[in-house]
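Visitor: One structure follows; several queries about it will come next.
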Amino acid sequence: MQVILLAAGQSTRLAPLEDKNLLQFSGKTLIEYQVAALKQAKLRDIVVVANKFNLKKIASALKGYKNVAVTEQKDLAEGMKGGVLAGAKVVSHKNILVMSTNDIFDVKLFEDLIHASKQKDVDGVMAGKKVNTYFPGGYLKISNKGFLTDIIEKPGAGKEPSHLVNLVCHIYNDFPKFCKYLKDVKSKKDDKYEVALDTYIKKGKAHLLVHPYKGEWRAIKYPWHIISLMHHFLETQTQLTKGKPKIDRSAKIAQSAIIEGNVIIEKNVQVLHNAVIKGPAYIGEDCVIANNALIRESMIGKNCVIGYCTEVARSYINHDVWMHSNYLGDSIIDYNVSLGSGTVLGNLRFDEKTVKVYVKKERIDTGMQKLGAIIGAGARFGINSSTNPGVKIGKDCFIGGGVLVDRDIPDGQLVLLDNKLKIIYNHSPVSIQNRSEIKKKLRK
C-alpha cells in the first residue's frame, strides 16, 4: 500500500502565519512528524504532494527519509482534487491511503484502517470522528452496517446531517477506479473531492466502510489551532522525558536559574541569572534566556532572545524572535519578529468571554477564553506597544511605539500613533528641599 500525503494547500485560513507543514515543534517540522507516524505504521512508500512555494523546503526537510517522493500540484485552484490527481501520477499501487497534513492522528488509526480495508466486500475505508460542536469540514451519513451513504461538505452550524466528521484519512482498494470519478467531477464550490466521493458510492456502488475513530485528533485549520498542537507535542515530550529536564551539555545555565519539570534545552542555549523555565517547555538551539525571564508551557524556536524580565506563557514562538521586558500570553509568533521594551500582548477580554477572530472577513469564535496576538514573520514592535486579545498582525508590519492595536493589520503596514506633544513653560519646579521634606514624612 502506498500513501498520498497532501501538503499543497496554501493555508490561507492560517494567515498571517506561513506554511503549517514547515512550522517546527520541539525541533521537527510538522511534515516530518506526519511522515514519521506513517513510517511507524509500516507505510513505507509515501508520495508527498507539495506546491511551488513549499516544494523545495519540504523536499529538504524530508531528505533523510527513505522511499519518500515529493511531487508538485500544478493547479492549486483544483484544491484537494488536484492534489490527489497529482499524487496519482506518481503512485503505482492499486491500494492507496490518502491523507491530509491538516490532521494529526494516533498511529493506531492507520493500523486499524489497514485491517478494516482487508474485510470482504469492502472497497475502501475512511475515518470518521464524532464531534459535539460544529466543525467546518465534511460530515458523514452512514448505514446501519457502517457504510458511507452521504458526505456533505461544510453544511453550516445547525445543519449537520450527523455528528460524524470526515477525517481525511481514506483507503481505496481500487484507487484507479475512484480516480475516474475524480477526473470527471465538476463543482463551483471547493468540494470536488467530496462530490467525487459521493458519486463513487452512489453511481459506482462502492462500499466504503466508515471507521469510528475515538483517538487523539488535532485539526489545523485556523491559527489558534497551533497552540493546541503545541500542547499536544509538549504532552508527547513529557512522556519521552518522564517529566524531567533534558539539557544539552553545551548549554550554559546560571546557578540561580530555575528549571522545573519537563523542559528540553537544546545546544548552545544560555540561561542567565534568576531566569525561571517551568515545564512543559522547549527551548531551541542558540537561544538566550535573560535575567529574571519567566517561560512556562511554551515552545521557543532557534536563535531567540527572551529578554530581561520577560514573561512567556503558553505561547508558540518561531525562530529568530527577539524581545525585552515583555508579556506574551497564549500568543503565536512567526519567525524574525522583534518586540520593543514594554510591549504587551493581551490575552483576556474584560468580560472574560471567549475570544473571536476574523478569518477571511468572517468573525469566528475560537472557543478559547485566553488568546493573545497572532503575529506574522518580519513584524517589528516599538516600545510600550500592545495588542488586544485575538488581534492578527500581518507579515512585515511595523507597529510604532505606544500604539494599542485593537484590530487586524494586513501585511506590510506601518502603524503609528498620531499624537502631538504640548510643550509649555514649567511654572512649578520641585527643589531638592521639597524632596527632603517628603522623604522625612515617609520615614515617620
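Nothing in this text is a laboratory measurement; each read-out follows from the coordinates by a stated rule. These numbers were taken from a predicted model, which means no experiment stands behind them. Cβ coordinates were reconstructed from backbone atoms using ideal geometry, including for glycine residues, and neighbour counts include every protein chain displayed.
Visitor: Going 7 Å from the Cα of K57 toward and past its Cβ, which residues in segment 212-234 have a backbone nitrogen under 20 Å from where you end up?
Guide: Residues 220-230 fall inside that zone.
Visitor: Under unit Cβ charges (Lys, Arg +1; Asp, Glu -1), what dipole magnitude, rounded to 20 debye, does segment 225-415 have relative to its Cα centre? Display every interim value, and only then the final one.
Guide: Numbers: 21 positive and 19 negative charges, 42 e Å.
Using Cβ point charges on Lys, Arg, Asp and Glu, segment 225-415 gives about 200 debye.
Visitor: May I pose another question? Which net charge results for the neighbourhood of A50, defined as the other residues with beta-carbon distances under 13 angstrom from its beta-carbon, given Lys and Arg at +1 and Asp and Glu at -1?
Guide: Details: positive: K20, K52, K56, K57, K74; negative: D19, E72.
Computed value for this residue: +3.
Visitor: In the structure displayed, which of K244/K360; K120/K188; K244/K356; K57/K94; K42/K356 lie more than 32 Å apart, Cα to Cα? Don't skip to the answer; put the middle values down first.
Guide: On the way: K244/K360 42 Å; K120/K188 36 Å; K244/K356 36 Å; K57/K94 29 Å; K42/K356 41 Å.
Checking Cα-Cα distances, K244/K360; K120/K188; K244/K356; K42/K356 exceed 32 Å.
Visitor: Let me understand the chain better: what is its radius of gyration from the alpha carbons, and its Dmax, in angstrom?
Guide: That works out to 25.7, 97 Å for Rg and Dmax.
Visitor: Which of the GluC sites (Glu not before Pro) found in segment 167-262 are loop residues per DSSP with 16 or fewer other Cβ atoms within 10 Å of their Cβ?
Guide: Working: sites: E194, E216, E235, E260; in loops: E216.
Within segment 167-262, the qualifying GluC sites (Glu not before Pro) (loop, at most 16 other Cβ atoms within 10 Å) are E216.
Visitor: When the chain is treated as a GNM, springs tying every alpha-carbon pair under 10 Å, which of E153, E352, E32 comes out with the largest mean-square fluctuation?
Guide: In this elastic network of the chain, the residue with the biggest mean-square fluctuation among E153, E352, E32 is E352.
Visitor: Moving to a separate point now. Go through Y139, S187, G87 and say which Cα lies farthest out towards the positive end of the charge dipole of segment 2-219; charges sit on Cβ, +1 for Lys and Arg, -1 for Asp and Glu.
Guide: So the residue furthest toward the plus end is G87.
Visitor: Next up: Counting only chymotrypsin sites (Phe, Trp or Tyr not before Pro) that sit in a DSSP loop (anything but H, G, I, E, B) with at most 11 other Cβ atoms within 10 Å, what is the longest stretch of the chain containing none of them?
Guide: On the way: sites that count: F350, Y425.
Within the chain, the longest run free of exposed chymotrypsin sites (Phe, Trp or Tyr not before Pro) spans 1-349.
Visitor: FRET efficiency for N384 and K214, Cβ-Cβ distance as r, R0 = 45 Å, nearest 0.05?
Guide: Efficiency for this residue pair is about 0.40.
Visitor: Calculate one ³J(HN,Hα) per residue across segment 26-32 by plugging θ = phi - 60° into the Karplus curve 6.51 cos²θ - 1.76 cosθ + 1.60, and present them in order as whole Hz with x for glycine and proline.
Guide: 6, x, 10, 6, 4, 5, 5
Visitor: Regarding segment 2-219, what's the average projected area of the Cα-atom convex hull, expressed in nm²? Before the final figure, lay out the partial values.
Guide: On the way: hull surface 47.5 nm².
Averaged projected area of segment 2-219's Cα convex hull equals 11.9 nm².
Visitor: In whole Hz and in residue order, list the ³J(HN,Hα) couplings for segment 118-127 that follow from phi through the Karplus curve 6.51 cos²θ - 1.76 cosθ + 1.60, θ = phi - 60°; x for Gly and Pro.
Guide: Once rounded to whole Hz, the list reads 8, 5, 5, 6, 10, 8, x, 9, 9, 8.
Visitor: Also, quick follow-up: Let me check I've understood the local charge: for G204, count other residues with C-beta under 9 angstrom from its C-beta, Lys and Arg +1, Asp and Glu -1. What total comes out? Don't skip to the end; give the middle numbers.
Guide: Details: positive: K177, K180, K202, K203, K205; negative: D123.
Result for the local shell: +4.
Visitor: Which whole-number percent is the relative contact order of the chain (Cα, under 8 Å, 6+ apart)? Don't skip to the end; give the middle numbers.
Guide: On the way: 1103 pairs, mean separation 44.1, N = 444.
So the answer I get is 10 percent.
Visitor: If you don't mind, another one. Which value at 222 nm does the chain reach when only helices count, each DSSP H run of 4 or more adding -39,500 (n - 2.57), with the total divided by all residues and rounded to the nearest 500 deg cm²/dmol?
Guide: Details: 8 runs with 89 residues, N = 444.
Value at 222 nm, helices only: -6000 deg cm²/dmol.
Visitor: In a shell of Cβ-Cβ distance under 9 Å around N303, excluding N303 itself, what net charge do Lys and Arg (+1) and Asp and Glu (-1) give?
Guide: Working: positive: K302; negative: E285, D286, D320.
My count for the surroundings of N303 gives -2.
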